[in-house]
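The values are calculated or read from the model by the stated rules, or taken from the named source; none is laboratory data. Please read these numbers as outputs of a predicted model, since none were measured by experiment. Here the Cβ is made from the backbone with ideal geometry for all residues, glycine too, and neighbour counts use every protein chain on show.
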Amino acid sequence: MIAETSANFDRRATEGDVETVEARRPSVLLTLPVNPVVTASAYKAAARQGTKIVLLSNVPQGMKQGRDYVDVVTDDLFQMGKRAADALAAAVGHRGTGRVLLSRRQLLCRQSARPGVPQDHHGQLPESRGRGKAGNRRSEQGSGPGERGPGKEPEDLRRLRHVLAAGRGRGVLAALRANGNTTTKVVSLDLDEPLALDMAKGGNTFALIADRAYELGQAMGKSAAYGLLGKKAPAFVVVPALTIRRSNLVRATASRSNRNPPASVMKALGK
């Protein structure tokens, strides 16, 4: 391995990282394109250079599988949305009022998970009422409406809440705490330490819907090998999701990441 970078979901930083790494002419690039438009030119340049590119959950605009990249490895995205709806139903006894808070990141994983939530939500919660969606471009960092408003909404809305991004989850959790709200149940996509710690302590966080990160890495590595060997890879490789509750927090985290939860979470669980 000649380089490892983290752009913290910043599209311009992602573009710069790709260009910097490509200057070293790697054989393989395993990557998550944060924005399919802004980052496209950098990835196309890498493909022209002969680098075998394996994509995670997103395809840069204008790129073709087999010609420009090996394949796409991704979560079972619709299943993640369905699992989130199932968790919400369990959290509120199959009845209540809810709000879906969405990030506007241009990620296939977010776009594809969304349909699974309302579709299964209505099947699992036939007596529920939805309050629509909220989104904000700054929500990647947990700011925007979700950080200020949840605790100030009508009491019935506090019975049910679903968050479709870890950053959003932290903002909602902070707002609930600031307003002394201990009843709203939060379900978030992704395994995030502050949310996991809140769940371990019996707080607002009811469930976390996560990908199997270790298996994603394994699948991307195998796809890279296909590219290097000149073998045709399937267009998509899908890795299943899992639901994490307090009762299976340690076991599920180990299954997802091949390691135990952070020390703070283990301590809160008394382990």
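So the values come out like this:
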item: Any hit, the stretch 11-31, residues being touching a helix residue (DSSP H, G or I) at 6+ places or on another chain (Cβ under 6 Å), in contact (Cβ under 8 Å) with a residue 40 or more places away in the chain and on the phi < 0 side of the Ramachandran plot; result: yes
item: Residues that are aliphatic (A, V, I, L, M) and without any contact (Cβ under 8 Å) to a residue 60 or more places away in the chain, drawn from the stretch 243-265; result: 244, 249, 250, 252, 254, 263
item: Within the stretch 15-42, considering residues that are under 22 Å from residue 213 (Cβ atoms) and in contact with a strand residue (DSSP E or B) (Cβ under 8 Å, 6 or more places away or on another chain), the one surrounded by the most Cβ atoms within 10 Å (Cβ to Cβ); result: 33
item: Residue list for the stretch 169-199, restricted to those being closer than 17 Å to residue 242 by Cα and part of a helix (DSSP H, G or I); result: 193, 195, 196, 199
item: Filter pass, residue 247 being hydroxyl-bearing (Ser, Thr, Tyr), surrounded by fewer than 19 Cβ atoms within 10 Å (Cβ to Cβ) and modelled with pLDDT of 95 or more; result: yes
item: Filter result (closer than 13 Å to residue 232 by Cα, acidic (Asp, Glu) and touching a Leu at 6+ places or on another chain (Cβ under 8 Å)) within the stretch 51-82; result: 71
item: Given (1) surrounded by 17 or more Cβ atoms within 10 Å (Cβ to Cβ); (2) without any contact (Cβ under 8 Å) to a residue 40 or more places away in the chain, number of the condition residue 2 does not satisfy; result: (1)
item: Filtered residues of the stretch 228-240 (kept if touching a residue at least 12 places away in the same chain (Cβ under 8 Å) and more than 20 Å from residue 59 (Cβ to Cβ)); result: 228, 240
item: Those strands (runs of 3 or more DSSP E) lying entirely in the stretch 202-271 with at least 1 residues farther than 30 Å from residue 67 by Cα and in contact with a Ser or Thr (Cβ under 7 Å, 6 or more places away or on another chain); result: 205-211, 241-244
item: Among the candidates 169, 202, 180, residue that is closer than 17 Å to residue 264 by Cβ and modelled with pLDDT under 90; result: 169
item: Condition check for residue 22: in the same structural domain as residue 223 (by TED's automatic domain parsing), among the acidic types (Asp, Glu) and modelled with pLDDT under 95; result: yes
item: Cβ-Cβ under 8 Å pairs, at least 6 apart or on other chains, the stretch 68-90 side aromatic (Phe, Trp, Tyr), far side in a helix (DSSP H, G or I); result: 69/43; 69/47; 78/112; 78/113; 78/116
item: Some residue of the stretch 205-215 being out of contact with any helix residue (DSSP H, G or I) (no Cβ under 8 Å at 6 or more places or on another chain) and either surrounded by fewer than 23 Cβ atoms within 10 Å (Cβ to Cβ) or not assigned by TED's automatic domain parsing to the domain that holds residue 263 (or both); result: yes
item: Tabulated pairs, the stretch 201-227, first without any contact (Cβ under 8 Å) to a residue 12 or more places away in the chain and closer than 21 Å to residue 189 by Cα, second outside any loop (DSSP other than H, G, I, E, B) and basic (Lys, Arg), C-beta under 9 angstrom, 6+ apart or interchain; result: none
item: Criterion violated by residue 239 - all others in (1) modelled with pLDDT of 95 or more; (2) in contact with a helix residue (DSSP H, G or I) (Cβ under 6 Å, 6 or more places away or on another chain) satisfied; result: (1)
